[in-house]
1. Which residue is modelled with the lowest pLDDT, if the candidates are limited to the stretch 201-238 and must be touching a helix residue (DSSP H, G or I) at 6+ places or on another chain (Cβ under 9 Å) and outside any helix (DSSP H, G or I)?
2. Are any of the residues in the stretch 251-274 within 30 Å of Leu157 (Cβ to Cβ), in contact (Cβ under 8 Å) with a residue 24 or more places away in the chain and touching a strand residue (DSSP E or B) at 6+ places or on another chain (Cβ under 6 Å)?
3. Any chance the stretch 124-134 includes a residue that's modelled with pLDDT of 90 or more, touching a Leu at 6+ places or on another chain (Cβ under 6 Å) and of a type outside the set (Phe, Trp, Tyr)?
Amino acid sequence: MRARRSTTVIALSTASLLAGATLLAGCGAGDGSSSGGGSGAKSLAGRESSADVAQEKPASGGGSGPSAQDGGGTGSGTQNSASVVPITRSVVYRGDITVRVKNVEAAVTRAEGFATGIDGLVFGEETSTQPGRKAASEANLILKVPPTQFRSVLNQLGGLGKQLSRSQTAEDVTSKAIDVASRLRSQRASVARLQALLDKATTVGAVVQVEGELSRREADLEALEAQQKSLDDLVDLATINVSLVAPDVHVAPPVEQDNLGFLSGLRGGLSALLVVVVVALTAAGAVLPFLITLALIGVPVLLVLRSRRRPAPAPASDG
């Protein structure tokens, strides 16, 4: 009995030792895995922090990162560099105004002062006066003024006398300006490449060929530059066509631009009929002298020919 008990105690002791060893091994493995996970998290955090530093360096270097954060933005430097820049619109302003004034010469002087007083210019002037009739004089001006003062100058011109007619337009030429600028950059780059090829040319034939193509592209470049300058001039200064007329000058009323409806069609048909009648009468007037001449010459000739064709009367027989 004692031997059996000792054997049982030894078996239980051995089992306890094995369970303890297993428990210790499990704890060691858990500690190792947790420490491994911690090191992995630390390495991942380190990568993210290094990536953040790498993103912040260009932003701090360019000066755009801090300003974006101060303004409430949360984007990185790359997002700030891709922000949309607003396009400045290019608009051409044109105006036409007709004013009846008492003294045309004095009105011309004042109108020119309106333009030159705001850094504008008088682009053209034409004055016509009938001898001894100042009340029948007339003046046409072309004024160039800054676009910001365009409507103000129109109002001042209308105050010179009685405004008879006035119109103003604004044309957006932004797309045209962008297209010309793009073509101009491409043409300049093309000319630069040809100039580089000309420097490397070694034979007479190659030099002649490159020079011919270079001359053609330089001419195209000059044409584009002139087109851009003309467009810039139209945008930088608005154009106003001014007509100043004296009291005795008749001014035709503006034509109504109503091209639809029955009455408009009737007016158009009558106008076309009138044109046809006028053309027919003109043609008849041109042909009439020839008809009269032919009648004066042809009728006597026709009578003579008919008289010759008549048979002679038969002689009477003695009966």
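1. Ranking the qualifying residues of the stretch 201-238, first place goes to Ala201.
2. Taking every residue of the stretch 251-274 in turn, at least one turns out to be within 30 Å of Leu157 (Cβ to Cβ), in contact (Cβ under 8 Å) with a residue 24 or more places away in the chain and touching a strand residue (DSSP E or B) at 6+ places or on another chain (Cβ under 6 Å).
3. Our first condition is that a residue be modelled with pLDDT of 90 or more; within the stretch 124-134, this holds for none.
Checked against the condition, which is being modelled with pLDDT of 90 or more, touching a Leu at 6+ places or on another chain (Cβ under 6 Å) and of a type outside the set (Phe, Trp, Tyr), the stretch 124-134 yields no hits at all.
This table checks each residue for (1) loosely packed, with under 15 Cβ neighbours inside 10 Å; (2) farther than 19 Å from Lys176 by Cβ.
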position	(1), (2)
Gln195	yes, yes
Asp199	yes, yes
Thr203	yes, yes
Val210	no, yes
Ala219	yes, yes
Glu222	yes, no
Ala226	yes, no
Ser230	yes, no
Asp233	yes, no
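The values are calculated or read from the model by the stated rules, or taken from the named source; none is laboratory data. Since the structure is predicted, the reported quantities are computational estimates derived from the model, not experimental observations. Don't worry about glycine lacking a Cβ; one is built from the backbone with ideal geometry, like all the others, and counts go over all protein chains shown.
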